[in-house]
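**Student:** Here it is, the structure, as structure tokens.
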Amino acid sequence: GTLPFIIPSIAAAFSARLHLFPARRAAPAVLWICALILVGGGIWMARQPLERARWTAPLDPALAVIRETPLPRNLFNYYTWGGYCLWKLGDEYPVFIDGRNNVYDENGVFDDYVRVASARGDWEYILRAYSVNTIVYPAYEPLLTAALERSPDWRRVYGTNGPRVYTRSFEKLPE
């Protein structure tokens, strides 16, 4: 949009004050660097909505499955998807964690998240303690997804290579 019009204005403003610079030869280089930074920043900013869409759009069908099935409440989610899940699912499905790690760090939730995400030790106990019944997690994070695939307590209801949705197999749990 306005970026091509801004650069000449900046260049004109610097050129008018060029006599203030002790090294006149350095000023054009500085102007070119500023122009490149502005152009690069403009390109970067213009791409941001596309980048966000690229990372969140594949998640929409998985969240639709959660919402429309409907799957049991209390969601364990991938850390970077938390805010998006919260936005798309609302209060209907409380997320386990989102990008505000300072909030979760104080209560030990972040440590619990790491233990579950790495499928270490008492990860299944932690999910039961938080009453987690649905999990949305990327296939490319193999520690948890492999453990979920092996566990008799969980079954995959959506996904192969992208986001996967698992739900607790209530019929397989002891009373």
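The values are calculated or read from the model by the stated rules, or taken from the named source; none is laboratory data. Keep in mind that what you see is a predicted model, and the values were worked out from it rather than measured. Heads up, the Cβs are rebuilt from the backbone with ideal geometry, glycines too, and the neighbour counts pull from every protein chain shown. Accessible surface is based on the protein model in full, side chains and every heavy atom, while ligands, DNA and RNA are left aside. Shrake-Rupley method; radii C 1.70, N 1.55, O 1.52, S 1.80 Å.
**Student:** Hey, among the residues in region 60-86 that are in a loop (DSSP other than H, G, I, E, B) and out of contact with any Lys or Arg (no Cβ under 8 Å at 6 or more places or on another chain), which one's farthest from F170 (Cα to Cα)? Walk me through how you get there before you give the answer.
**Tutor:** Within region 60-86, the first condition is being in a loop (DSSP other than H, G, I, E, B), and the residues that meet it are 69-74, 78.
Next cut, out of contact with any Lys or Arg (no Cβ under 8 Å at 6 or more places or on another chain) only: 69-71, 73-74, 78.
Working: T69: 16, P70: 15, L71: 12, R73: 13, N74: 14, Y78: 22 Å.
The qualifying residue farthest from F170 (Cα to Cα) is Y78.
**Student:** Related question: Hey, D98 hits all of (1) touching a Leu at 6+ places or on another chain (Cβ under 7 Å); (2) at positive phi but one; which does it fall short on?
**Tutor:** The failed condition is (2).
**Student:** Any idea how many residues of region 124-147 are open to solvent by less than 20 Å² (accessible area, probe 1.4 Å), part of a helix (DSSP H, G or I) and within 17 Å of F96 (Cα to Cα)?
**Tutor:** 4
**Student:** Under the condition of being among the hydroxyl-bearing types (S, T, Y) and open to solvent by less than 70 Å² (accessible area, probe 1.4 Å), which residue from region 80-111 is farthest from A62 (Cα to Cα)? Steps first, answer last, please.
**Tutor:** Restricting attention to region 80-111, the residues satisfying the condition of being among the hydroxyl-bearing types (S, T, Y) are 80, 84, 93, 104.
Okay, now just the ones that are also open to solvent by less than 70 Å² (accessible area, probe 1.4 Å), so 84, 93, 104.
On the way: Y84: 12, Y93: 13, Y104: 25 Å.
Among them, the one singled out is Y104.
**Student:** Confirm whether G99 is without any contact (Cβ under 8 Å) to a residue 40 or more places away in the chain, in a helix (DSSP H, G or I), in contact with a Gly (Cβ under 6 Å, 6 or more places away or on another chain) and small (G, A, S).
**Tutor:** Values: without any contact (Cβ under 8 Å) to a residue 40 or more places away in the chain: yes; in a helix (DSSP H, G or I): no; in contact with a Gly (Cβ under 6 Å, 6 or more places away or on another chain): yes; small (G, A, S): yes.
Judged against the criteria, G99 is not a match.
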